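Chemist: The structure follows.
The values are calculated or read from the model by the stated rules, or taken from the named source; none is laboratory data. Quick caveat: nothing in here was measured; it's all calculated off a predicted structure. Note that each Cβ is placed from the backbone with ideal geometry, even for glycine, and that neighbours are counted across all protein chains shown. Note: accessible area is taken over every heavy atom of the protein model, side chains too, but ligands, DNA and RNA are not part of it. Shrake-Rupley method; radii C 1.70, N 1.55, O 1.52, S 1.80 Å.
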Amino acid sequence: PDDTVFIFAKESRQHRMPVVALRRSVSELPLDFVLTDDDAMLVGTRLSDFEQLVITAKISRSGLATDATDGLESWSEAVSPLDSQVIELLITGRSASSSAESNE
């Protein structure tokens, strides 16, 4: 319960710098969230500036965003920030396995 959950929107899985980010406690899971321009990592960045983003959720024992507990990470397919959609990220705890489901 003391671990940290990070939720990011990035241009792709390969990009290191997120466009927007949220930080929550594992004790809050399961968690509903909405990513907005207010969560931007850089002032003046807008979600609508991007054609597609990948949403990632990961659990960090250390509380550092760069650290993820092995296998406790999940990501979506690329989605348009302009579409109103629900994205479900399931962190399964199985090493190197992540799943995500996108529903319209």
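Chemist: What whole-number value in Å² describes the accessible area per residue of segment 1-95 for a 1.4 Å probe?
Modeler: 64
Chemist: What are the semi-axes of the equivalent ellipsoid of segment 7-65, taken as the square roots of 5 times the eigenvalues of the Cα gyration tensor, listed largest first and rounded to whole Å?
Modeler: Semi-axes, largest first: 20, 13, 11 Å.
Chemist: Can I ask one more? Place the peptides 47-60, 25-38, 78-91 in order of packing, highest mean first, counting for every residue the other Cβ atoms within 10 Å and averaging per peptide.
Modeler: Top of the packing list down: 47-60, 78-91, 25-38.
Chemist: Expressed as a whole percent, how much of the Cα-Cα distance distribution for the chain exceeds 21 Å?
Modeler: The proportion of pairs with Cα distances above 21 Å equals 29 percent.
Chemist: What is the percent carbon and sulfur in the accessible area of the chain, measuring with a 1.4 Å probe over the protein chains and ignoring ligands?
Modeler: 47
Chemist: How large is log10 I(q)/I(0) at q = 0.26 Å⁻¹ when the Debye formula is applied to the Cα atoms of segment 31-86, each weighted equally and without solvent?
Modeler: After summing over all Cα pairs, the log10 values are -1.17.
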